[in-house]
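**Student:** Quick one: the structure is below, questions incoming.
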Amino acid sequence: MILIIIIAVVGGCVLLMSSSGKKKPRSWLHFYAKGKDSGFHIGEIEILYDLTIKSDLEDPSSIFRSQSQLDICIRALVKSLHAKGGDNDQEGQDLLAKLYDYRKKIEIEKPETKQGIFNSRQISDGQNLRVLIKGVGVFRSEVIRNTQQNLTISRPITNKEPGTFSWTGQQISVYFWREDDAGYVFDTVVTDEVMTKSMPALKVNHTDSLFRTQKRKSIRIKMNKAAYLYPVANEGYANNVEVNPGVKCLLEDLSDSGCALAVGGKGIQDLRIKIQFVLNNHPIVMTGTVRSVAYKEDMNRSILRVEADPMPIETRNHILGEVFGMLPEDEEDLPFRILNEEAEAMAMGDPQGQLSSFSENLESAFLMDK
């Protein structure tokens, strides 16, 4: 039975080669098999093979195992689509999306990417934390100093902090998200309340039992780009491109699943917003929900972590093109009419004091989104 299946597959490949009008080299059969195993259909495999030949790859099938060779192939496709205004080429955009997904899979499955941490001694200084006490609430904190003896964290705070509360001896659960890795949780005990660097702090016991959860599913890239933020007042217009300025903000990182934004003042968790910016002279509108807010009181500034809604394939491809460095290098972002000179200048220097106040501009931004 297996022999019959093999003969049928080989026979099908021979028919495909003869029907194409060109005799394919022997490497085509291997390339076809690798392409099928990787989830591509025959039409896409034909296009990919042609791209590898045009890119002078010595081993065409290497794109299915080598990140660098795959990048060459993707850049060739992006360049081809760009040359013919490929935003409306649905077949080309679909293939590009599949290649980006395959590229993302290779990146995430790298051994150094999959490597996590295993005990609390490996947590970095400055790591933001969420501290849970059953029956009391969830508090915000961060790591001040991590030594072999214990973990020193800032005294946890919340918007509804109890009037009188003793932390010493409390059993706590600690949650945190490690940059470019995953979410972690562990249980521990507060051993003492102290003053460190002139600020109230807690010493907590270490643990060798970190539970790793919520592994990242996207690749993020650091950004320093001016953008505008608009609270979504009407879902029916959520994906419309705005022509009026919104709340000035700074895009700090970006992925196809969301972004991080710096805004002036206090941010609002669970707020529906859209972010508007430019990539390679292409307007990008990302709609999503603010999942977390980190407010820095000394700077009167918030970092918003936004989870994006599913977006049009062309928009997602533009974002992944930026993330993986695939956008054409011969063109820089041209001024888009929503980004005035002040906002563009903000991205070039220190944004402190230049960001819009989130709370002060909230009402006017709502009025614009009609």
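No lab work stands behind these numbers, since they all come straight from the coordinates. Everything numeric in this text was worked out from a predicted model, so none of it was measured. Positions of Cβ are backbone-derived with ideal geometry, glycine not excepted, and every protein chain shown enters the neighbour counts.
**Student:** Please state, as a whole number in µm²/s, the translational diffusion coefficient that the Stokes-Einstein equation yields for segment 224-327 at 4 °C and 1.567 mPa s, with Rh defined as the Kirkwood radius across alpha carbon pairs. Spell out each step's value before the answer.
**Tutor:** Working: Rh = 13.8 Å.
Result for D is 94 µm²/s.
**Student:** Using Cβ counts within 10 Å as a stand-in for footprinting exposure, how do E307, E297 rank, fewest first?
**Tutor:** Values: E307 12, E297 8.
If I rank by nearby Cβ atoms, fewest first, I get E297, E307.
**Student:** Oh, and also: For G258, enumerate residues with amide H under 5 Å from its amide H, sequence gap 5+ or separate chain, H modeled in the peptide plane.
**Tutor:** Close amide H contacts, sequence-distant or interchain: A308.
**Student:** Quick check on the exposure proxy: order I63, I319 from fewest to most C-beta atoms within 10 angstrom.
**Tutor:** I319, I63
**Student:** To continue, here is another question. Rank the residues R220, R272 as a footprinting-exposure proxy: fewest other Cβ atoms within 10 Å of their Cβ go first. Could you put the intermediate results ahead of the total?
**Tutor:** Numbers: R220 18, R272 15.
Ascending number of Cβ neighbours within 10 Å: R272, R220.
**Student:** Which whole-Hz ³J(HN,Hα) couplings does segment 288-304 yield from phi under the Karplus relation 6.51 cos²θ - 1.76 cosθ + 1.60, θ = phi - 60°, glycine and proline marked x?
**Tutor:** 3J(HN,Hα) across segment 288-304, in whole Hz: x, 10, 6, 8, 8, 10, 10, 9, 9, 5, 5, 9, 6, 9, 10, 9, 9.
**Student:** In segment 120-209, with Lys and Arg counted as +1 and Asp and Glu as -1 at Cβ, which of these residues, Q170, S209, I153, has the Cα nearest the positive end of the dipole, that is, farthest along it?
**Tutor:** Toward the positive end, the furthest listed residue is Q170.
**Student:** What ³J(HN,Hα) values, in whole Hz, does the Karplus curve 6.51 cos²θ - 1.76 cosθ + 1.60 give for segment 90-107 when θ = phi - 60°, with x put for Gly and Pro?
**Tutor:** Karplus-based 3J(HN,Hα) across segment 90-107 equals 4, 4, x, 5, 5, 5, 4, 4, 5, 5, 5, 4, 5, 5, 5, 4, 4, 5 Hz.
**Student:** Starting from the Cα-Cα distance between E179 and D94, subtract it from 0.36 nm times their residue separation and give me the gain in nm to one decimal.
**Tutor:** Details: separation 85, 0.36 × 85 = 30.60 nm, distance 3.00 nm.
Here the segment from E179 to D94 would lengthen by 27.6 nm.
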